[in-house]
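Following: one structure in structure tokens, then a few remarks.
The values are calculated or read from the model by the stated rules, or taken from the named source; none is laboratory data. These numbers come from a predicted model, not from an experiment. Ideal geometry is used to build each Cβ from the backbone, glycine not excepted, and the neighbour counts take in all protein chains shown.
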Amino acid sequence: MLGGGLMTKLYNTPIKTIRKKCLDCCNDKVKEVRLCQAVECALWPYRFGRRPTKAILDTIKEFYSKKVEPA
Ligand code: SF4
């Protein structure tokens, strides 16, 4: 039943949903999500379930500045 003070959420925010997907991707291993190297994955910047830190943004910039497109 909905309402009546029931606090169960039917769905998460998009960012929390991304976090859940990353945990799913890593067999619910928090450490593995942290260590994920898949910078090109669309979810990567948000894998901690929060706005990306400067360190994360710097890593992305570094990654794409070095990336060479295939000929
Ligand atoms: S960012 Fe990493 S952990 Fe998250 S879905 Fe992509 S590959 Fe999986």
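Pairs are defined by a Cβ separation below 6 Å, a sequence spacing of at least 6 or placement on different chains, a first member in the stretch 24-49 that is more than 9 Å from the ligand (Cβ to nearest atom), and a second member that is modelled with pLDDT of 95 or more; the pairs so defined are 49/15; 49/16; 49/19.
Residue check: is residue 18 β-branched (Val, Ile, Thr) and within 11 Å of the ligand (Cβ to nearest atom)? In short, yes. More than 9 Å from the ligand (Cβ to nearest atom), free of Cβ contacts under 8 Å to residues at least 60 places away in the same chain, under 13 Å from the mean Cα position of the chain (by Cα) and not in a loop (DSSP other than H, G, I, E, B): is that true of residue 60 in this structure? Spelling it out, it is not the case that residue 60 is more than 9 Å from the ligand (Cβ to nearest atom), free of Cβ contacts under 8 Å to residues at least 60 places away in the same chain, under 13 Å from the mean Cα position of the chain (by Cα) and not in a loop (DSSP other than H, G, I, E, B). Of the numbered criteria (1) among the charged types (D, E, K, R); (2) touching a helix residue (DSSP H, G or I) at 6+ places or on another chain (Cβ under 8 Å); (3) in a helix (DSSP H, G or I), the one residue 40 fails is (3).
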